[in-house]
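Quick note: the coordinates plus some simple rules give every number you see, no bench work behind them. Bear in mind the structure is a predicted one, so any value in this text is a computation, not a measurement. Positions of Cβ are backbone-derived with ideal geometry, glycine not excepted, and every protein chain shown enters the neighbour counts.
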Amino acid sequence: MHHFHYQDGRLYCEQVPIEVIAQEVGTPFYCYSRATLIRHFHAFDKAFAEVNHLTCFSVKSCSNVAILHLFATLGAGMDIVSGGELYRSLKAGVQPDKIVFSGVGKSEEEIVYGLEAGILMFNLESPQEMMLLDECAGRLGRRASIAIRVNPDVDPRTHPYISTGLKENKFGIDLEASEAMYAQAMEMDNLDIIGVGCHIGSQLTEVAPFVDTLDRLKGLIAKLRQRNIQIRYLDLGGGLGITYANEDPPHPTEYARVLIEDLRHLDCSLIFEPGRVIVGNAGTLITRVLYTKKGPVKNFLVVDAGMNDLFRPSLYGSYHHIQPVIDRERPEVRVDVVGPICESSDFLARDRDLPQIDQGDLLAVMSAGAYGFSMSSNYNSRPRPPEILVQEDKFEVIRDRETYEDLLRGERIP
Ligand code: LLP
């Protein structure tokens, strides 16, 4: 059952009409379906039920503490890339020994925070980072468990801004160089090598790049074992795509079937870092049409959500399906859906055929659960929108709409 659905021409999230939420909290707002979040988490996690694994939700995709808490109650770990994400995860009640820390630029302060929290492992991305981690661990009298994030040089065939596993990308350590880095790690006083990691990109719509990656990593693991370096965890990152328009990504069960087949005799616990596939289609951005405007060549719907609220269309040219909250079965009109921000790149859709929309109508920007709110900003001094979590016939504000006072927090006139 789909948790965003029409009933008598009104869009619902679970059993709550979207317009009811809009009346109460105003617009724009993000709205998540709790049942969908749970279903998607289970769809992914249970797909790997027959093998030892840990599903570490990728915090950056949707970072609200209530949502992290929900996943924690389902047994999730977290994939983090900053001290802020570690803080959120701990506040959400995630067990520290289920947290993996990735990222090319961890600061000393963040490294110390991770060590003190006792996280599962650091995915290292440079020799200098390795030295710093060893030094910090020594200073604190702790041991640090590590994986090296390998860059397998596999083309994920996705948008160039979100591919990460190619030689020219800044991420990870080149496959050949990683062997030497592992040998170096063996010599460090305070490091325990426990894993191999990777993450090749996001919004992948085929399994093949994952399989190619796995083949390369298996080769590396075999070589490391020959050198007596014991690899217990294989972290395959995130990246499984979703349907925004017509994409046809593999279902998690298909993804799992292919990988499990390929992993049979590896004798490693698997770690996954999915983000988008779990939250992407569990959230929507609701916005109201402020004005309809006819230009010489285009029709515009000027809405109250802008690129500061949902950056993906402006940044990547991403497609998000847009649908009216009240469906009146009107003829289609070609429009640009644009926000109030003073930039021409401030659009949510271009040349989109939508049923004729009037001033004051509500629109739902779909598939906005991943990298939606988490990439929002205060550009143009716009308070960020609230986040709403729907559970059956109830909804909860899990983040307040920001106020003007919030905008100035920490600023001062000297
Ligand atoms: N693990 C690591 C180390 C990552 O860098 C990422 C995403 C993930 C896991 C989760 O990937 P996912 O399963 O969500 O594909 N802002 C872009 C996406 C950037 C992804 C960055 N890394 C977008 O809106 O499409």
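Things worth noting here:
- Some residue of the range 333-351 being touching a Lys or Arg at 6+ places or on another chain (Cβ under 8 Å), in a loop (DSSP other than H, G, I, E, B) and of a type in the set (D, E, K, R): no
- Answer residue from the range 227-258, given it is among the aliphatic types (A, V, I, L, M) and buried (at least 20 other Cβ atoms within 10 Å of the Cβ) and is nearest to the chain's Cα centre (by Cα) among those: Leu240
- Yes/no for Arg334 being away from the ligand (no atom under 16 Å from the Cβ), surrounded by fewer than 22 Cβ atoms within 10 Å (Cβ to Cβ) and in contact (Cβ under 8 Å) with a residue 40 or more places away in the chain: no
- The lone exception for Phe122 - which of (1) touching a helix residue (DSSP H, G or I) at 6+ places or on another chain (Cβ under 9 Å); (2) within 15 Å of the ligand (Cβ to nearest atom); (3) closer than 24 Å to Ala208 by Cα it fails: (3)
- Residue list for the range 92-137, restricted to those being under 18 Å from Ser269 (Cα atoms), surrounded by fewer than 23 Cβ atoms within 10 Å (Cβ to Cβ) and not acidic (Asp, Glu): Gln95, Pro96, Lys98
- Within the range 266-325, the set of residues being of a type in the set (A, V, I, L, M) and within 15 Å of the ligand (Cβ to nearest atom) comprises Leu270, Ile271, Val277, Ile278, Val279, Ala282, Leu285, Met307, Leu310, Leu315.
- Output for the range 196-221, where each listed residue is over 24 Å from Tyr182 (Cα atoms), under 16 Å from the mean Cα position of the chain (by Cα) and of a type in the set (Val, Ile, Thr): Thr205
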